[in-house]
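Coordinate-derived values only; no laboratory data. Quick caveat, the model's predicted, so the values are computed rather than measured. As a convention, Cβ positions derive from the backbone with ideal geometry for all residues, glycine included, and neighbour counts pool all protein chains shown.
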Amino acid sequence: MSEESHIVKSYEEELQNLHDTLIQMGALTESQLSDSLDAVIKVDKESTDKIINSDQKINKFRSKIDTQIMNLLVKRAPMAIDLRSTISALKISQDLERIGDLAKSNAKKVKPLPYDLPDELLQNLRRLGELVQKQLSEVLDSYVNKGLDKAKTVWENDERVDDLTYIAMNSVTDFLSQDKKNLDFATHLIFVTKNLERAGDHITNIAESIYYLIKGEYLKGQRPKGREIEDNV
Amino acid sequence: MKNSKVKISSNNLNVYYGNKQALFDVNLTLNEKEVTALIGPSGCGKSTFIRCINRMNDVIEICRVEGSIKMDGMNINDKGVDVVQLREKVGMVFQKPNPFPKSIYDNIAYGPTIHGVVQNKNQMDELVENCLKKAALWNEVKDRLQEPGTSLSGGQQQRLCIARAISVNPEVILMDEPCSALDPIATAKIEELIDELRKTYTIVIVTHSMAQAVRVSQRTGFFHLGKLIEIDTTEKIFKNPGNNMTQDYITGRFG
Amino acid sequence: MTKEERIKKRYRAEKRFKFYGIISILTALLFVFILVQNIVSKGSSAFFRTVIQTEVNFDKDALGLGNNPSKENVLQSDLFDFSVENLLNIYPVDDFERENEILLLFSPDYEIEIKKYLANNLDVIGQTVILELTSSDDIDQLNKGNFPRELPENMRRVSDFQLEVFDKLNSENQISKIFNNYFFSNGDSRDPELAGIGGSLMGSFFTVMICLLLSFPVAILASIYLEEFAPKNRITEIIEININNLAAVPSIVYGLLGLGILLNFMEFPRSTPLVAGITLSLMTLPRIIIPCRASLKAVPPSIREGALAVGASKFQAVFHHVVPLAMPGTLSGTIIGLAQALGETAPLILIGMVAFVVDVPTSPLDPSASLPVQVYLWSESAERGFVEKTSATIMMLLGFLIVMNFIAVYLRQKFERKWN
């Protein structure tokens, strides 16, 4: 990347603003994800309203970034690294918004849950959630520090997310088979598990965008896949 | 890459104006029936380079050319090469439109006349019509061929100059910032024309507009201070250039 | 000073400047007007000559030419006595001295005038015709009001008796003025009423023609070579400086050159337009080269490049494109140079074009004068009649110069419209 800054100062500022806004959006998404996971594990029904309302802020960030990108394209006709930065910011913001939506969806699922869920189930969900949180944190790090290797590692770790999803899903199906009365609860928990997996996918998308941004090439090969979940729902 | 046949290649080309060196060891190839754009900051040597291809630098007394430029394998600076015939094969369009102060018809007829290309008036009429059609100017001027070339608008004048360049049936057309004196619509028409022309001619275009280079060319070369820094497909140069200097230039970090 | 005061001061200064400019123009115009008015008032009368209407009886016997004389017979005969007899009929007197005075009222040309009339109108033999015969220059001036009648007789060129005759003829409307074709057709003459610029006009014409034919091609080709083809080095710089200096050399020096080389060394015929033309062409050469080079320099290099780019050789680019564009300026310069050559007097005097030449020259090898030299010669003569002729010749010269300048302007406009 270049040490020089743009001759036109306002161009430099616009790119920097986009970068900063995206980082703020990422930070908010991180905290939404973490809060919603906490609420699920602790079955904390009071905190969920706040989490659900906060999702609006993420959407506002999305609009702001959209506007910033439109302006950059029409004013500056960005080239090379600037072009890649701009387009990546667009894709990353989309993925972050989806992650935010998934966090909100998980928060919504807390109220109907019982207080006496099996411990193992909750631990498996916690492990999965913490891994996804870590992935998000690492991928946002790699964006800030332009860490190519870190992005690649996040991308490869999607395999582990798949594995943990499989384990968590099995816990849920066990829970269901214990007692037919658990059907409602199990359904919610399946959605929660699935949401966490999809959040992981979006994070992997972000990793791919960051890789292309830095290297100028696409990540080669298939995404690593963990154990497939047998669809028995 | 389909048309990869090399039309023009320069080998260790060094150009001096008196004691000042303008080009340093330039090695590049231009492919046939393709548009190659040359970009770079002012004074970097791109105009000097293209003027070597049709030996317009011969006109400048203190200019000295070392190294070789080959067209279809033959060195154009050889003693035996006739400059006039070379310029029949390599045409040029200049930055500021410079139609002859003659009628539109005569502007185009001049080249073929002095080269003895056509036999009679009918053939000449046909040739003039063809050239004007190829330059997308025929419909606008067909009713006033005897009016002076200088009575046209800027964009039309430039198209007239292009028609004049192709009147002697060249193989290569050199364009030195052809649109820099024109308004956006005239520019768009010329870019459209270049797209058409590249089916028949090899084109080299010097331009200061990155966006134009992207729109118009298949390969782009970046010059800086007399050296060719990088040359590659246009896509590569503008999406992910290999050299930092290239990137700095095209993104506006220096220039 | 406040801003408003500064602005006001500036406006006032501009107004003052404009005022000075207008005053200057008016002053210049005033001088031109005075000059022109002076010349025209003195010279316009030269375009008319006074004639005395005389009855001539072409009696066959009095003529003594036989029954059917031919034109040649008439022109070769001696009709002097016949003419004198008819002339004296206008105012019959007995005195021989008085008869002489009557004859002196006429221009000494009368025999020739009568002969010419008869030769062209052979059918008048046997008839009496009223001819308009040219009066003498004294009568001419008298009729034109330039003659001081109040002076005592011994200080006048016209005697009391002649005045008496004149007044009588005038009261009977036998004195009139007609258009003076002699001014244009005759060469120089001792008699002012018969003198014309025919000779000097042709002399000037041949001179300018030869000057043009020699200097124009040489100057144009030299300019083109120096400007377009010659290498730019010390030698060409020196040549350019020398040409510029030559344009400032006083013209009389060229006269000396002509005298020394053409007349003395090469023994060309003196007083001829040939020698004058060669001498003046040397002088005119740098005066054409300088505007021609300036015009060539003014052609934008983009035209040259455009021609070269289309495959023209250097020669073709120069002659097909650059030279036509330089033509307007070159032609202007040429015509102004020729106009200057037309008005040159000093060098022509040195090479001898001061000859008193009566016959109108028919080729550049015949001796002649030129218009400005003629002005010089006549201005030295005593007779009053030459005053008006001098001024009339100056009018003619000015007229030619104006016409030549108009041609220059016209050609320049025509070429510029065509090429632009």
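Of B:K7/B:K79; C:K232/C:K297; B:K121/B:K142; B:K96/C:K297; A:K215/B:K199, which ones are farther than 25 Å apart at the Cα?
A:K215/B:K199
Along the Cα→Cβ direction, 7 angstrom out, place labels at B:Q119 and C:N181. What is the inter-label distance in nm?
6.2 nm
Relative to the compact globular guide of 2.2 N^0.38 Å, what is the alpha carbon radius of gyration of the range B:40-105, as a ratio?
For the range B:40-105, the normalised Cα radius of gyration comes out at 1.29.
Over chain A, what is the relative contact order in whole percent, taking alpha-carbon pairs under 8 Å and six or more residues apart?
With pairs under 8 Å counted, the relative contact order is 24 percent.
Taking 41 Å as R0, compute the FRET efficiency from the Cβ-Cβ separation of C:I25 and B:N19 and round it to 0.05.
0.15
Order these peptides, B:12-21, B:91-100, by their mean beta-carbon neighbour count within 10 angstrom, highest first.
Going by the mean number of other Cβ atoms within 10 Å, highest first, we get B:91-100, B:12-21.
With a 10 Å cut-off between alpha carbons and a GNM built on chain A, which of A:D101, A:D20, A:D55 moves the most?
Looking only at A:D101, A:D20, A:D55, the largest GNM fluctuation is found for A:D20.
Restricting the calculation to Cα positions, tell me the Rg (one decimal) and the Dmax (whole number) of chain B in Å.
Reported Rg and Dmax, both Å: 18.3, 57.
Could you give the size of the charge dipole of the range A:108-233 about its Cα centre, using +1 on the Cβ of each K and R and -1 on the Cβ of each D and E, expressed in debye and rounded to the nearest 20?
400 debye
Within a 10 angstrom radius of each residue's Cβ in C:115-122, how many Cβ atoms of other chains show up on average? Whole number is fine.
Average per residue, whole number: 0.
Could you list B:Y201, C:Y91, C:Y20 so that the one with the fewest beta carbons within 10 Å of its beta carbon is first and the one with the most is last?
C:Y20, C:Y91, B:Y201
Taking Rh as the Kirkwood radius computed over C-alpha pairs, what is the Stokes-Einstein D of the range A:3-215 at 37 °C in a medium of viscosity 0.692 mPa s, expressed in µm² per second?
Using the Kirkwood radius from Cα pairs, D works out to 181 µm²/s.
Based on the mean of other Cβ atoms within 10 Å per residue, sort peptides C:161-168, B:75-82 so the most packed one is first.
Ranking, from highest mean packing down: C:161-168, B:75-82.
Could you size up the charge dipole of the range B:1-151 around its Cα centre, putting +1 on the beta carbon of Lys and Arg and -1 on that of Asp and Glu, and report it in debye to the nearest 20?
300 debye
Please enumerate, by chain and number, the lysines with C-alpha under 20 Å from the C-alpha of C:K18, excluding those fewer than 8 residues away in the same chain.
In chain and number order, the partners are C:K8, C:K9.
From Cα pairs below 8 angstrom and at least 6 apart in sequence, can you work out the relative contact order of chain C, rounded to a whole percent?
About 20 percent, as a whole number.
Just name one of A:L164, B:P101, B:Q85: the one whose Cα is farthest towards the positive end of the charge dipole of the protein assembly as shown (beta-carbon charges, Lys/Arg +1, Asp/Glu -1).
In the protein assembly as shown, that residue is A:L164.
To the nearest 20 debye, what charge dipole does the range C:198-415 have about its Cα centre, counting +1 at the Cβ of each Lys and Arg and -1 at the Cβ of each Asp and Glu?
Charge dipole, the range C:198-415, about its Cα centre: 620 debye, nearest 20.
Where q = 0.07 Å⁻¹, what log10 of I(q)/I(0) comes from the Debye formula for chain C, counting one point per Cα?
-0.54
Rounded to the nearest Å, what's the spacing between the alpha carbon centres of the range C:287-303 and the range B:194-241? Just the number, please.
Comparing the Cα centres of the range C:287-303 and the range B:194-241, I get a distance of 39 Å.
Just how far, in whole angstrom, is the range C:31-69 from the range C:106-154 if you go by their alpha carbon centroids?
7 Å
What Kirkwood Rh does the range C:198-415 have if only Cα atoms enter the pairwise 1/r average? Answer in Å.
Here the Kirkwood hydrodynamic radius works out to 18.7 Å.
Could you work out how far the C-alpha centroid of the range B:127-160 sits from that of the range B:1-78, in angstrom?
Each part's Cα centre sits 31 Å from the other's.
Would you calculate the convex hull of the Cα atoms in the range C:223-294 and tell me its volume per residue in Å³?
That works out to 103 Å³ per residue.
Is it possible to state the helix-based mean residue ellipticity at 222 nm for the protein assembly as shown, with each DSSP H run of 4+ residues giving -39500 (n - 2.57), the sum divided by total residues, to the nearest 500 deg cm²/dmol? What is it?
Dividing the helical sum by the residues of the protein assembly as shown leaves -19000 deg cm²/dmol.
Can you give the Rg/Rh ratio of the protein assembly as shown, where Rg is from the C-alpha atoms and Rh is the Kirkwood radius?
Rg divided by Rh gives 1.32.
Can you tell me, using C-alpha contacts under 8 Å and at least 6 residues apart, the relative contact order of the range B:87-245 as a whole percent?
The normalised contact order for the range B:87-245 reaches 26 percent.
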